[in-house]
Structure formats: C-alpha cells, structure tokens
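For reference, the structure is listed below as structure tokens.
The values are calculated or read from the model by the stated rules, or taken from the named source; none is laboratory data. Here the structure is a predicted model, which means the values were calculated and not measured. Heads up, the Cβs are rebuilt from the backbone with ideal geometry, glycines too, and the neighbour counts pull from every protein chain shown. Note: accessible area is taken over every heavy atom of the protein model, side chains too, but ligands, DNA and RNA are not part of it. Shrake-Rupley method; radii C 1.70, N 1.55, O 1.52, S 1.80 Å.
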Amino acid sequence: MAMTYTELQTNVKDITEMTFTDAQLSMFTKQVEQRIYGIIKDLPILRTTFSETFTASSGKVLPADCLYVHSVTQQSSGDTVNRKALVSKDLDFLLEAYPLATQTTTTSDPEVKYYALNSSSTTDESASRMVLTLAPKWATSVTIQVDYQYQPRSIVDTDGTEEQPWLGTNYDTALLNGVLVEAAKFMKAEPDMVQMYEQQFVLGLQQLQNTVDVRLKSDSYRPQKQMPKPIPMPQPTPEQQGQ
C-alpha cells in the first residue's frame, strides 16, 4: 500500500499520540531514508544511466544525484551500436601512463581504455563533486555511458501531485516503522517501546532485502537459489533484561 508524506506524518502522530513540528518529522524521515538506502545496497530500482559526448581534453562532471559509479562504457559510432566496458583506474595511473593532452590517431572512432573519478573544485553545494576522466585522450570526441547509483528524491520533497518515491510506494512499512524508531528516541520513550519499533523496522527491511536479493535478480530461466542474508534483529538492552 502506497503512503504519501502527509499520510506518514498523520500515522506517526496518531501512533505515538504526540505532536511533532514539520521540521522534526522531516528530519526523522530523511534520516530513515538514508539508513534504509545504506543498509540495502545496490537497489536496482535506484540505478540509472548518464550518456554524454566527451571532448578530448576535458572530463565530465557527473550528475548531482550520483552516489557512486557502477560501470562506464564507450559507445561506438556508426550504424551498429557496440559498447565496450572501460576499466576503472586510479587518477594517478591515468596521469602517469597518459601524460599528453591528446593522442595522435587516424581513426574517427578512437578507443578509450580507462576511466578514473576525480573531485570537482566547485563551490556550489548543490552541484556534483565527481568528475569522470578518460584515457587515452583523443583529439576527437567519444560517446560515453555511465551506469550509476543515484540519490533518490525524498518523500519529504513531494506533494500530492507528484509521483511518489519508490520506497514510499512499495515499502511504506519499513519507512513508517523507521520513523517511529526515530520519534520514540526523540521522545525518550521506554526502551522496550523503542525495541518493538526497531524489530518491526527490521522485519520491513528484511522484506525489502528479499526483494532485492531474490526477486529483482532472478528470472524464469535463471532463478536465484541463494536466500538473502537475514538482517540482525535488535537485542534487548541490559535495562530490559533486568526487568
């Protein structure tokens, strides 16, 4: 069942029987989203591509929502589209092995072999600080496609007219219980109450982990036989054990 941010706010207030400010609920929600995306690695639904034409001597600043790069491929020109995967290297290797600004070539479709990630010197906090550098650097331009994991839009930053983020649409249980954990900690609730929310949060994460490890990585011909690793359940605190 999909849950909008307005519904999430209402549910948290009703369950806890507390009133929170908009800023507090926004903080709780964004913290939980970061926590979920940090635990559930490489969520396929959060992968996207970035295709650009690179000139000879310049790198390309990656999109601002890029968290990390999965792969970089070169797209050949001509009627037949072929892609060649580039090898990731350290920037120092590229500078040492290919010190020239451009390499001499007689082909109109030069072959790029390596890529490296460098940091941008921009002072714009909203811009990306990741720069993609290629080698060898040819005098002509090449078309490069980057497959990367992106920073999803928070459910906090949506309204009723926009498409809801994937997490709120498909796994609102994990999101709701995660926000309840943060709210309970903020209220300094009893430890057993915090643990109950934590356990429900972990169960919601386990459902999401199962989707990522099994259902999104298998098909009818190549089923995924390996079961997902269980997420550790929060253990009782010493105070709870003494009760």
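Structure values in brief
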read-out	value
Output for the stretch 170-205, where each listed residue is polar (S, T, N, Q) and farther than 14 Å from residue 31 by Cβ	170, 173, 195, 199, 200
Considering residues of the stretch 36-86 that are touching a strand residue (DSSP E or B) at 6+ places or on another chain (Cβ under 7 Å) and among the charged types (D, E, K, R) only, the residue modelled with the lowest pLDDT	42
Count of the stretch 106-118 residues which are more than 20 Å from residue 83 (Cα to Cα) and modelled with pLDDT under 80	1
Residue, modelled with the lowest pLDDT, within the stretch 160-204, restricted to residues that are polar (S, T, N, Q) and assigned to a loop (DSSP other than H, G, I, E, B)	161
Where residue 157 falls short, out of the listed (1) surrounded by 14 or more Cβ atoms within 10 Å (Cβ to Cβ); (2) at pLDDT 85 or above	(1)
Residue list for the stretch 22-43, filter: open to solvent by less than 30 Å² (accessible area, probe 1.4 Å) and among the charged types (D, E, K, R)	33
Scope the stretch 1-21; condition assigned to a loop (DSSP other than H, G, I, E, B) and open to solvent by 50 Å² or more (accessible area, probe 1.4 Å); matching residues	1, 2, 17, 18, 19, 21
